[in-house]
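Notes to accompany the following structure.
The values are calculated or read from the model by the stated rules, or taken from the named source; none is laboratory data. Remember, it's a predicted structure, so these values are computed and weren't measured experimentally. Glycine gets a Cβ as well: all are built from the backbone with ideal geometry, and neighbour counts include every protein chain shown. To get the accessible areas, we keep the full protein, side chains included, count just its heavy atoms, and leave off ligands, DNA and RNA. Shrake-Rupley method; radii C 1.70, N 1.55, O 1.52, S 1.80 Å.
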Amino acid sequence: MSFPWANDYKPSHPFMQWMDSRLPLPRFVYDAIGAGYPVPRNLNYWWNFGFLALICLGLQVVTGIVLAMHYAANAGIAFDSVEHIMRDVNWGWLMRYSHANGASAFFVVIYIHIFRGFYFGSYKPPREMVWLLGVVIFLLMMATAFMGYVLPWGQMSFWGAKVITGLFGAIPLVGEPIQQWLLGGFAPDNAALNRFYSLHYLLPFVIVGVVVLHIWALHIPGSSNPTGVEVKSESDTVPFYPFFIAKDGWAALAFLFVYCAVVFFAPNMLGHPDNYIPANPMSTPALIVPEWYFWPFYAILRSFTFDFFFIPAKLMGVLAMFSSILIWFFLPWLDRSPVRSGKYRPLFKKFFWYGLIPSVLVLGYCGGSHAAEPYLMMSQLAAFYYFAHFLIILPIVSSIERPDPLPFSITESVLGHDDKAALGGKAALGAAA
Amino acid sequence: MIRIFSILAGLFFTAALLWSFGNGAYSAITDPAAVTAEEMFHKHPKQLALASDGAFGNFDHRQLQRGFQVYQEVCSACHALSQVSYRDLKQLGYNDDEVKAIAAKAQVPAYNAKTGEVKSHKGLATDHFPPVVYGGQGTPPDLSLVTKARHGGGAYVYSLLTGYQNQPAELLKHFPDAKVPDGLHYNPYFVNLNIAMPPPLTGDGQVTYGDGTKASVDQMAKDVSAFLVWTAEPSLAKQHQTGWPVLGFLLFATVLAYMAYRNIWADKKH
Ligand code: HEM
């Protein structure tokens with residue numbers, strides 16, 4: 001669907017006309033990211049991150065396919081084959097550093113993309129499906145990144161795989177058989193490495209598929225916007241081409257600049273030194289930590305240090321870690337405020353900036369540190385807030401909060417006035433939310 | 001309904017967290033973690049300035065050759081360098097004949113799949129540095145990647161090599177049981193303060209540099225650290241040389257794209 005005033009694709013070239021009546025691919029592009037797709041004119045830069053995520057996905061697929069041409073998924077030589085890529089393959093170091101830092105860049109982008117959704121209420125009707133598919137993408141991304149990190153078969157690869165698959169061992173009764181089944185053995189070895197490699201190559205293409213659905217679902221109602229007031233008339237929108245192609249384009253180049261600065265000048269900044277030591281099942285590293293983008297969840301996992309009634313602490317940690325993401329699936333039904341954008345929600349805004357953001361940052365910081373005091377107590381408090389925020393505070397805030405007045409329309413918020421508001425604004429005001 | 005479930009789930013998780021927090025806080029107060037000798041005496045690496053540092057860094061080939069000499073004459077008795085091949089040494093400025101001569105001094109074991117035998121042959125330029133058999137205490141790690149496998153990199157190796165000292169009396173005062181175990185050596189730059197490696201660089205002039213540089217312990221430590229930065233990241237200089245044009249191009253393209261964006265939106269308020 002699109003708005004009634006969307007431009008219609010009218011091919012002028014005979015070949016394009018011929019094509020349009022047989023396989024209307026150009027029309028598809030025109031309607032999806034061309035002049036045929038009207039977008040709210042007031043989108044701010046937080047709305048660029050979906051496009052940046054697409055760029056990251058593309059980068060990862062391309063660099064990953066090149067790496068796969070030289071990588072050997074065999075526990076005996078995996079580590080050396082990565083070093084072979086770094087030393088002997090032409091531009092191999094560029095491919096590997098682009099891919100490793102590309103994963104980090106992807107997560108930076110996706111976290112901003114998700115928190116944009118939290119703040120501006122993008123998950124609310126009619127975009128629940130966009131949101132749900134987004135959470136599915138995020139889960140797939142985490143699985144892909146985790147398995148990718150195992151491939152170089154360094155110390156952190158090995159011990160990370162051991163710890164994370166060990167989480168399944170916390171499930172009562174069937175835990176250990178499940179863990180052994182996942183690994184194809186009692187500890188990570190060749191069998192595990194090969195299946196992780198196979199899945200690491202597969203999942204990105206599953207992600208591509210879900211991303212197509214994500215954007216399809218988005219294009220039904222169209223993008224929301226910083227006011228959260230839905231599009232009402234043509235003056236609220238501009239065509240995607242040229243307006244947002246230009247904006248996304250310059251943002252993408254700026255992003256690539258920062259990304260390349262890291263790839264060329266600090267490519268190991270975000271990595272852990274221990275992963276340059278070949279995997280050694282006999283020597284446990286002093287500190288086993290995942291990559292930085294898992295730290296908040298890792299901190300939640302480790303926050304549960306005491307059995308809770310009859311539930312073992314470890315099981316509690318595993319439950320909480322998975323729940324901390326799964327609760328995002330329920331968000332559209334937990335936050336019932338009719339006002340979408342956090343901008344007009346004085347109470348929500350405070351909880352977002354002074355509660356959610358600090359607690360996630362504290363969790364991230366603690367997740368990268370030793371599981372010792374004071375980090376444990378800090379992450380317990382932060383995790384306390386995290387769960388309270390989504391499961392208790394949001395449902396209550398949305399029913400007691402008194403939102404600020406909303407603009408009549410996007411046009412009014414941009415131009416300061418909207419002729420239609422003067423005509424019949426009063427009646428429409430309630431519907432504006 | 002869903003919100004009632006949600007609040008109940010919220011209470012469940014928050015209560016379990018408070019329980020852990022309470023117990024943790026209680027034991028933190030009643031049984032505070034004791035300071036360990038490592039926490040008190042471990043030192044962060046010293047400063048080391050190398051030509052390869054920074055975004056313009058390039059390798060100093062003469063220093064790398066000196067460092068290679070230290071590795072060959074001292075460290076290679078115990079440490080392997082398995083990721084490096086002899087032909088890689090050409091990057092240090094050796095010519096083909098010199099590389100062949102260096103390789104020929106080594107005996108490289110090779111496995112013959114037909115006979116199942118392992119036979120050694122005289123090293124070729126294409127061979128990697130051979131494995132090292134070590135019979136002493138501890139396990140000397142392969143040094144190829146060591147500067148990327150430790151926090152501090154080259155500076156860490158330099159500090160370690162020049163950091164041997166007698167165990168401070170103060171340490172024993174605080175921790176009477178922490179005497180350096182037999183066969184280990186006190187070194188405050190090593191994680192647990194006691195390292196199995198005997199001080200490898202013991203006196204000035206341990207090697208004789210061909211370029212006339214005075215081989216003080218400090219100089220040898222610097223040179224071999226620089227060399228190990230190279231073995232860990234031989235493409236470092238190329239990364240810098242490629243990075244600048246790439247960033248220059250991206251900056252130019254970003255500015256152009258930004259101007260295009262401003263132009264396109266010029267009379268669209270947003
Ligand atoms: C491979 C990863 C992803 C890609 C390529 C992607 C792509 C996009 C694109 C291109 C847009 C439109 C532009 C924008 O609003 O920024 C978008 C919107 C959106 N995305 Fe994603 N996305 C990804 C992951 C996610 C995740 C993990 C979530 C949430 C958990 C999410 C939630 C949303 C929502 C709610 C919108 C609508 C925003 C609004 O209109 O206000 N996305 N996505």
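Here are a few things to note about the model shown:
- Among (1) under 30 Å from A:Phe310 (Cβ atoms); (2) in contact (Cβ under 8 Å) with a residue 60 or more places away in the chain, the one test that A:Asp189 misses: (1)
- None of A:Phe205, A:Phe196 is away from chain B (no Cβ under 14 Å) and either in contact with a Ser or Thr (Cβ under 6 Å, 6 or more places away or on another chain) or within 13 Å of the ligand (Cβ to nearest atom) (or both) except A:Phe205.
- For first residues located in segment B:214-241 and away from chain A (no Cβ under 14 Å) and over 14 Å from B:Arg62 (Cα atoms), partners that are in a helix (DSSP H, G or I) and of a type in the set (A, V, I, L, M) and lie 6+ apart or on another chain with Cβ distances below 7 Å form the pairs B:Ala221/B:Leu161.
- Considering (1) under 31 Å from the mean Cα position of the chain (by Cα); (2) buried (at least 18 other Cβ atoms within 10 Å of the Cβ); (3) of a type in the set (D, E, K, R), the lone condition that B:Glu38 does not fulfil carries the number (2).
- Residue among A:Val62, A:Val82 that alone is within 14 Å of another protein chain (Cβ to nearest Cβ) and away from the ligand (no atom under 13 Å from the Cβ): A:Val82
- Index of the failed condition, A:Ile220 passing every other in (1) within 16 Å of the ligand (Cβ to nearest atom); (2) open to solvent by less than 70 Å² (accessible area, probe 1.4 Å): (2)
- With respect to being of a type in the set (Phe, Trp, Tyr) and away from chain B (no Cβ under 14 Å), A:Phe49 fits the description.
- Test result for B:Val70, aliphatic (A, V, I, L, M) and assigned to a helix (DSSP H, G or I): yes
- When the test is whether a residue is more than 30 Å from A:Tyr385 (Cα to Cα), open to solvent by 30 Å² or more (accessible area, probe 1.4 Å) and assigned by TED's automatic domain parsing to the domain that holds A:His219, A:Leu270 does not pass it.
- For segment A:339-359, the criterion of a residue being outside the structural domain of A:Trp91 (by TED's automatic domain parsing), surrounded by fewer than 17 Cβ atoms within 10 Å (Cβ to Cβ) and within 22 Å of A:Gly134 (Cα to Cα) is satisfied by at least one position.
- Scanning segment A:323-348 for residues that are within 12 Å of the ligand (Cβ to nearest atom) and part of a loop (DSSP other than H, G, I, E, B) yields a total of 2.
- Among residues of segment A:119-139, those that are over 17 Å from A:Pro296 (Cα atoms) and part of a helix (DSSP H, G or I), counted: 11
- Residues that are at the interface with chain A (Cβ under 7 Å from one of its Cβ atoms) and open to solvent by 60 Å² or more (accessible area, probe 1.4 Å) within segment B:253-263 comprise just one, B:Tyr258.
- Answer residue from segment A:262-308, given it is of a type in the set (D, E, K, R) and assigned to a helix (DSSP H, G or I) and is farthest from the other protein chains (Cβ to nearest Cβ) among those: A:Arg302
- Filtered by the rule that a residue be in contact with a Gly (Cβ under 8 Å, 6 or more places away or on another chain), within 16 Å of the ligand (Cβ to nearest atom) and in contact (Cβ under 8 Å) with a residue 60 or more places away in the chain, segment A:85-113 gives A:Ala103, A:His113.
- Being open to solvent by 40 Å² or more (accessible area, probe 1.4 Å), within 11 Å of the ligand (Cβ to nearest atom) and either within 30 Å of A:Trp47 (Cβ to Cβ) or free of Cβ contacts under 8 Å to residues at least 40 places away in the same chain (or both) is not true of A:Leu182.
- Which listed residue, of B:Pro32, B:Pro45, is open to solvent by 30 Å² or more (accessible area, probe 1.4 Å) and within 25 Å of the chain's Cα centre (by Cα): B:Pro45
- Restricting attention to segment A:122-141, the residues that are more than 7 Å from the ligand (Cβ to nearest atom) and either surrounded by fewer than 22 Cβ atoms within 10 Å (Cβ to Cβ) or without any contact (Cβ under 8 Å) to a residue 24 or more places away in the chain (or both) add up to 9.
- Scanning segment B:35-62 for residues that are out of contact with any Leu (no Cβ under 8 Å at 6 or more places or on another chain) and either more than 28 Å from B:Gly138 (Cβ to Cβ) or within 12 Å of another protein chain (Cβ to nearest Cβ) (or both) turns up B:Thr36, B:Glu39, B:Ala49, B:Ala51, B:Asp53, B:Gly54, B:Ala55, B:Phe56, B:Asn58, B:Arg62.
- Residue match in segment B:79-102 (condition: among the hydroxyl-bearing types (Ser, Thr, Tyr), open to solvent by 40 Å² or more (accessible area, probe 1.4 Å) and under 28 Å from B:Tyr134 (Cα atoms)): yes
- Segment A:1-41: number of residues that are within 12 Å of the ligand (Cβ to nearest atom) and open to solvent by less than 60 Å² (accessible area, probe 1.4 Å): 4
- Count of residues meeting criterion [assigned to a helix (DSSP H, G or I) and either within 10 Å of the ligand (Cβ to nearest atom) or open to solvent by 10 Å² or more (accessible area, probe 1.4 Å) (or both)] in segment A:224-241: 4
- Only one of the numbered conditions (1) farther than 30 Å from A:Ala35 by Cα; (2) in a helix (DSSP H, G or I); (3) of a type in the set (A, V, I, L, M) is violated by A:Leu253, and that is (1).
- Residue in segment B:158-169 that is farther than 25 Å from B:Leu48 by Cβ and assigned by TED's automatic domain parsing to the domain that holds B:Glu39 present: yes
- Flag if A:Phe329 is more than 10 Å from every other protein chain (Cβ to nearest Cβ) and either more than 24 Å from A:Pro172 (Cα to Cα) or among the small types (Gly, Ala, Ser) (or both): yes
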